[in-house]
Protein chains: 2
Amino acid sequence: MEIETRLSSRRVYEGQVLNLRVDRAVLPGGGEAVREVVEFRGGVAILALDDANRVLLIRQYRYAVGETIWELPAGILEAGELPQVCAGRELEEETGYHAARLELLCRFYSTPGATNEVLHIYLATGLTLVGPRLEAGERIQVIPTAWQAALAMVERGEIRDGKTIIGLLTLESRQADGQK
Amino acid sequence: MEIETRLSSRRVYEGQVLNLRVDRAVLPGGGEAVREVVEFRGGVAILALDDANRVLLIRQYRYAVGETIWELPAGILEAGELPQVCAGRELEEETGYHAARLELLCRFYSTPGATNEVLHIYLATGLTLVGPRLEAGERIQVIPTAWQAALAMVERGEIRDGKTIIGLLTLESRQADGQK
């Protein structure tokens, strides 16, 4: 079995959105290595399409990268929360829209070399406006964007958030498969 | 200006592949927030296509997620290293192939909510086998995979690594645009 077995683990930090632990592991070929692991709770992103085939993009300042970027609405799982429930909640909180239908589009590791983060992307349809409820410190601008215009923003490199690129290109790929 | 201004910064950890700092920031609307930031050096992934239109996928155990996953060859920038140079170096080290041509396919933030990681994905063509040179602790299996089979692995959720999904779907999307 090609696995690495934990020898020891030191919890360096426990915080609001992440924890950090530094482990020592035995390698399958013998020898040892240090493994730095950022623990996230996992999260969701929502590709919400309205009746005019526009996708709800948001503009949000991201402190870690020091700029305002385009993203899909997204959020972190609360303790014990199912991803689909989280997706419905975050879509309403960030955009003000309730989705009649939520369907899992894909699930992936954002950075498996150093974090355990799993992101679930949901396709949300049947939208009705119920009004946003932003959390303290959240400043989000919602911009409904024509589907082809959003794909062009990926193509031109204007959308630079990984989960947003994955959501948009996954749906594009499925639609292309459907047309074959 | 909708930016958050750093008030203070505490360096919690400085490690091999990442650092962690915990800042306090002033929000644009007033008030303060804690911002946990994982600092990465940035990295590259390589979508290498051989003359038979096969993509070089690798299988590698990832300690942070506790499983062996499918990925594109990838690596972390060395100090002062240009991304394109890193891409050529990592492709040779991990797969044993030298690429005559390297072209930037896309560039994105893997997790902008909590890290500053920027990943560059290169399309590599004109491959010649020169022999792999794995680093200590690296155990990598290289599996040339037919292009359509690799896309089907994304579609079925068998490829779960974010950068690998982005590389494959970005090239698929470009090829589809070229056929219009």
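The values are calculated or read from the model by the stated rules, or taken from the named source; none is laboratory data. The model shown is predicted, which means the values in this text are computed figures rather than measured ones. Here the Cβ is made from the backbone with ideal geometry for all residues, glycine too, and neighbour counts use every protein chain on show.
Which residue is farthest from the other protein chains (Cβ to nearest Cβ), if the candidates are limited to region A:1-26 and must be touching a Ser or Thr at 6+ places or on another chain (Cβ under 9 Å) and crowded, with 16+ Cβ neighbours inside 10 Å?
We begin by selecting, within region A:1-26, every residue touching a Ser or Thr at 6+ places or on another chain (Cβ under 9 Å); these are A:2-3, A:18, A:21-26.
Those left that are additionally crowded, with 16+ Cβ neighbours inside 10 Å: A:18, A:21-23, A:25.
Values: A:Leu18: 6, A:Arg21: 10, A:Val22: 7, A:Asp23: 7, A:Ala25: 6 Å.
Step by step, filter region A:1-26, then rank; the result is A:Arg21.
Quick check, is A:Ala150 closer than 19 Å to B:Phe108 by Cα, in contact (Cβ under 8 Å) with a residue 24 or more places away in the chain and away from chain B (no Cβ under 11 Å)? Explain how you work it out, then say what you get.
On the way: closer than 19 Å to B:Phe108 by Cα: yes; in contact (Cβ under 8 Å) with a residue 24 or more places away in the chain: yes; away from chain B (no Cβ under 11 Å): yes.
So A:Ala150 fits the description; yes.
Quick one: in region B:80-126, which of the residues that are of a type in the set (Ser, Thr, Tyr) and surrounded by 19 or more Cβ atoms within 10 Å (Cβ to Cβ) is nearest to B:Ile58 (Cα to Cα)?
Going residue by residue through region B:80-126, those that are of a type in the set (Ser, Thr, Tyr) are B:95, B:97, B:109-111, B:115, B:122, B:125.
Checking the rest, the ones that are also surrounded by 19 or more Cβ atoms within 10 Å (Cβ to Cβ) come to B:95, B:97, B:109-111, B:115, B:122.
Working: B:Thr95: 8, B:Tyr97: 13, B:Tyr109: 22, B:Ser110: 20, B:Thr111: 22, B:Thr115: 25, B:Tyr122: 16 Å.
By that ranking, first place goes to B:Thr95.
Please go through region A:83-126 and pick out each residue that is of a type in the set (Asp, Glu) and either outside any strand (DSSP E or B) or within 30 Å of B:Ile140 (Cβ to Cβ) (or both).
Going residue by residue through region A:83-126, those that are of a type in the set (Asp, Glu) are A:90, A:92-94, A:103, A:117.
Result: A:Glu90, A:Glu92, A:Glu93, A:Glu94, A:Glu117.
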Only residues that are over 19 Å from the mean Cα position of the chain (by Cα) and either within 7 Å of another protein chain (Cβ to nearest Cβ) or under 27 Å from B:Leu27 (Cα atoms) (or both): list them for region A:156-176, please. A:Ala176
Among strands (runs of 3 or more DSSP E) completely within region B:1-80, the ones holding 3 or more residues that are more than 21 Å from B:Gly162 (Cα to Cα) are B:5-14, B:19-26, B:32-39
Selection from region B:53-77 of residues that are surrounded by fewer than 18 Cβ atoms within 10 Å (Cβ to Cβ) and over 16 Å from the mean Cα position of the chain (by Cα): B:Asn53, B:Arg54, B:Gly66, B:Glu67, B:Thr68
Might you let me know whether region A:128-137 holds any residue that is crowded, with 19+ Cβ neighbours inside 10 Å and assigned by TED's automatic domain parsing to the domain that holds A:Gly162? no
Expected output for region B:54-69 (first residue at the interface with chain A (Cβ under 8 Å from one of its Cβ atoms), partner among the polar types (S, T, N, Q), Cβ below 7 Å, 6+ apart or cross-chain) is B:Tyr61/B:Thr68; B:Ala64/A:Thr115; B:Ala64/A:Asn116; B:Val65/A:Asn116; B:Thr68/B:Gln60; B:Ile69/B:Gln60
Let me confirm something: among B:Arg107, B:Arg89, which residue is in contact with a Leu (Cβ under 8 Å, 6 or more places away or on another chain) and basic (Lys, Arg)? B:Arg107
For the list (1) within 10 Å of another protein chain (Cβ to nearest Cβ); (2) among the hydrophobic types (A, V, I, L, M, F, W, C); (3) without any contact (Cβ under 8 Å) to a residue 60 or more places away in the chain, I need the number of the one condition that B:Phe40 fails. (3)
Of (1) in contact (Cβ under 8 Å) with a residue 12 or more places away in the chain; (2) part of a helix (DSSP H, G or I); (3) out of contact with any Asp or Glu (no Cβ under 7 Å at 6 or more places or on another chain), B:Glu158 satisfies every one except (2)
